[in-house]
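First the structure, in the form of structure tokens, and then the observations on it.
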Amino acid sequence: KLSPFDYAALTFLALGLISVLSRGNVIKGIASGFIGLAISLVGFAPIDGTARFTFDNIYLSSGIQLLPLMMGLFAIAIILIAVQEKEVKKEIEFKVKGVGISIKEFFSNTWNMVRSAVIGVGFGILPGMGSGVSNLVAYAQAQQASKESNEFGKGNPEGIFASESSNNASIGGALIPMLALGIPGDTVTAMLLGGFVIHGIQPGPLLLRQNPDIVYVVFVGFFFAILIVFLMQIFGMRVFPQILKTPKNYLYSILIVLAVVGAYSNGNNVFDIWIMLVFGLVGYVLTRNNYPLAPLILGFVLGPLFEQYLRRALMNAEYGVWEFFMRPVSAVLIIVTLVVIGVTVFKEFKRAKENREAKKAA
């Protein structure tokens, strides 16, 4: 029963969490988010199909792909920084005890995991969002609620609990629109939908009535997938991290090769490799100047969704943008977004003021 107005407002709420992800430097975080939004505009526009920022390049017609963008920002950029800081020959030392977390850590993050799982299921249900958005939103919420928010990004386990709980929960949520409506919630369920169609099974409203056995097979298979992943992590916990003991000059070389192969296999064209390298340099510059990268990814992923829902809503609006405040769901979501942004900015100014006063006192 959600209308385009409600979807647009919900996406706006997710975009508003950029301010939460940017704690410590809201201005740079919001700027990073706008960079992501700008990148998402490349290619054909939704609804009318107008070509934008393609520069008559056929490869840019379909827009910038997420995989080469993320590998450039998070893999190539980090390798460039490590090489510059001469950390290539350093080896990482670690020791895993028990199952990697303590009972105290687990129970102290109970509410964090429940909240993040609900976020994951919610974003999984919404078509096109999936885990790529849900784990960033869950991370932002965990950072907003944490008493040690300044430690996020430095190994605080609360952020790991939040991201992984949401990431896992979103897969189950994405199965709901795929099975009930025949609309994939993310890339994983899109592949599953393709498998169904190949075998002549059409997911949708009649699937539960005509092929209940298939639905139960999916449920059972999903349960066993969770169990297998859990066992792999338990038994592989002491094996997988051994990769980090590889000297970094060898490890980074292998990672660059894998990144190039991954970028090429994404669309089977060399252009994606160049895209990855360009955004590797972009990520290097942004990281060096303390611009957070998570808001950029959030803006890039949500930009096309927000534009699509916003344009659909305005096409059906009788009173323009004011109609968003005339519908209860969209009005509440927009108000919540403004409150979240306002509270975050207020806390940021308060923190900056306390830091200035502490420096004067020192």
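The values are calculated or read from the model by the stated rules, or taken from the named source; none is laboratory data. Just so it is clear, the structure is predicted and the values come from calculations on it, not from any experiment. Don't worry about glycine lacking a Cβ; one is built from the backbone with ideal geometry, like all the others, and counts go over all protein chains shown. All accessible areas refer to the heavy atoms of the entire protein, side chains included, with ligands and DNA or RNA removed. Shrake-Rupley method; radii C 1.70, N 1.55, O 1.52, S 1.80 Å.
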Can you tell me which of 17, 60 is under 16 Å from the mean Cα position of the chain (by Cα) and among the aliphatic types (A, V, I, L, M)? 17
Of the residues in the stretch 55-70 that are part of a helix (DSSP H, G or I) and out of contact with any strand residue (DSSP E or B) (no Cβ under 8 Å at 6 or more places or on another chain), the one that is surrounded by the fewest Cβ atoms within 10 Å (Cβ to Cβ) is 58
Unmet requirement for residue 319, which otherwise passes all of (1) surrounded by fewer than 19 Cβ atoms within 10 Å (Cβ to Cβ); (2) modelled with pLDDT under 85; (3) within 19 Å of residue 133 (Cβ to Cβ): (3)
Just the residues that are open to solvent by 40 Å² or more (accessible area, probe 1.4 Å), in contact with a helix residue (DSSP H, G or I) (Cβ under 8 Å, 6 or more places away or on another chain), at pLDDT below 85 and part of a loop (DSSP other than H, G, I, E, B), please, taken from the stretch 1-44. 2, 23, 24
Residue 356 charged (D, E, K, R), surrounded by 16 or more Cβ atoms within 10 Å (Cβ to Cβ), farther than 30 Å from residue 82 by Cβ and more than 21 Å from the chain's Cα centre (by Cα): no
Out of (1) within 20 Å of the chain's Cα centre (by Cα); (2) in a helix (DSSP H, G or I); (3) surrounded by 15 or more Cβ atoms within 10 Å (Cβ to Cβ), the one residue 179 does not meet is (1)
Could you please tell me which pairs satisfy a Cβ distance under 6 Å, a separation of 6+ or placement on different chains, a first residue in the stretch 37-62 that is free of Cβ contacts under 8 Å to residues at least 12 places away in the same chain, and a second residue that is not polar (S, T, N, Q)? 51/44; 52/41; 52/45
Suppose the filter is open to solvent by 50 Å² or more (accessible area, probe 1.4 Å) and touching a Gly at 6+ places or on another chain (Cβ under 9 Å); does residue 261 pass it? no
